[in-house]
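Comments concern the structure below.
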Amino acid sequence: MKNIVLIGFMGTGKTAVGKILAEKLGFKFVDTDDLIEEEAKMAIYEVFSKYGEEYFRELEKKVVDRVSKLKNLVIATGGGVVVKQENIKNLKKNGVLICLTAEPEVILARTAKDAHRPLVKMADPMKRIKELLVERERGYRQASIIIDASKLSTEEIVSKILEKVYRRELNG
Ligand code: S3P
């Protein structure tokens with residue numbers, strides 16, 4: 001079976017879903033943000049503030065390239081992984097992409113108070129969220145399945161994905 005790769009905007013629940021999914025499938029769970037922090041030896045918000053977004057994206061690309069070559073993984077990615085088409089291409093080699101979406105209001109409620117998410121730490125976060133959603137839409141749409149996580153619990157999202165895995169809808 002291919003890796004399961006969770007993509008989607010910040011606050012859509014990729015990490016929480018990924019951890020449970022990995023447990024149920026007997027796969028290892030990896031989060032590209034964690035690997036970036038290990039590589040950089042600092043927190044993501046520090047990478048952004050010290051070196052800027054482009055440096056972060058280069059680290060992200062390196063980490064994505066590395067995990068894309070491994071098997072039996074559930075991979076949770078950062079919300080901006082789709083800004084580099086090369087990442088999508090790499091992740092698809094060994095993996096099936098699942099995109100979690102949520103309404104901007106839900107995203108705002110889940111992320112606004114989080115100091116660790118530099119891209120929404122600004123005066124008008126809602127405006128920024130909407131802009132980024134538009135910019136990234138094409139990337140997110142390249143997933144094999146898209147699940148609206150706005151009104152679903154983590155367990156419900158996991159069940160939906162597992163249903164598709166067991167029906168082998170996600171193997172191709
Ligand atoms: C980002 C999302 C974050 C993290 C970084 C940039 C983005 O990950 O990679 O702050 O560009 O949307 P989460 O989606 O896990 O919050």
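By how many degrees, 0 to 90 and rounded to 10, does the Cα axis of helix 14-25 deviate from the longest principal axis of the chain? Taking the Cα atoms of the chain, the angle to 14-25 is about 20 degrees. In the chain, the DSSP-assigned H stretches of four residues or longer account for a calculated mean residue ellipticity at 222 nm of -16500 deg cm²/dmol, using -39500 (n - 2.57) per stretch and the full residue count as denominator.
With Cα atoms defining each centre, the stretch 87-164 and the stretch 1-72 are spaced 13 Å apart in the structure. Backbone N atoms of the stretch 135-172 closer than 20 Å to the 7 Å Cα→Cβ label point of M1 belong to residues 143-147, 154-172.
Under a 5 Å amide H cut-off, with hydrogens placed 1.01 Å from N, D31 pairs with A76 among residues at least 5 apart or on other chains.
With a/c under 1.5 counting as rounded, go ahead and sort the chain into rounded, prolate or oblate using the C-alpha gyration tensor (a ≥ b ≥ c being the square roots of the eigenvalues; past the cut-off, prolate if a/b is larger than b/c, else oblate). Since a/c reaches 1.5 but b/c is at least a/b, the shape of the chain is classed as oblate.
Note on the stretch 56-122: with charges restricted to the Cβ of Lys and Arg (+1) and Asp and Glu (-1), its dipole about the Cα centre is near 340 debye.
Principal-axis analysis of the Cα atoms of the chain puts helix 85-94 at an angle of about 20° to the longest axis.
When the listed pairs K2/K121; K71/K130; K69/K160; K71/K121; K84/K160; K121/K160 are checked against a 30 Å cut-off, the alpha-carbon distance exceeds it for K2/K121; K71/K130; K71/K121; K121/K160. Partners of K151 within straight-line reach, counting aspartates and glutamates whose Cα lies under 17 Å from its Cα and excluding those fewer than 8 residues away in the same chain: E103, E105.
Rounded to the nearest 0.05, the FRET efficiency derived from the C-beta distance between K113 and I146 at R0 = 45 Å is 0.95. For the chain, what is the relative contact order in percent, using Cα pairs closer than 8 Å and at least 6 residues apart in sequence? Value for the chain: 33 percent.
Heavy-atom surface analysis with a 1.4 Å probe gives the stretch 1-90 a carbon and sulfur content of 50 percent of its accessible area.
Calculate how large, on average over all directions, the projected area of the Cα convex hull of the stretch 1-85 is; give the answer in nm² to one decimal.
That works out to 5.4 nm², a quarter of the Cα hull's surface.
Accessible surface calculations at 1.4 Å, restricted to protein heavy atoms, place the stretch 55-172 at 54 Å² per residue.
The values are calculated or read from the model by the stated rules, or taken from the named source; none is laboratory data. Computed from a predicted structure; not experimentally measured. Reconstructed Cβ throughout: ideal geometry from the backbone, glycine too, with neighbour counts over all protein chains shown. Surface accessibility is based on the protein's heavy atoms, side chains included, excluding ligands, DNA and RNA. Shrake-Rupley method; radii C 1.70, N 1.55, O 1.52, S 1.80 Å.
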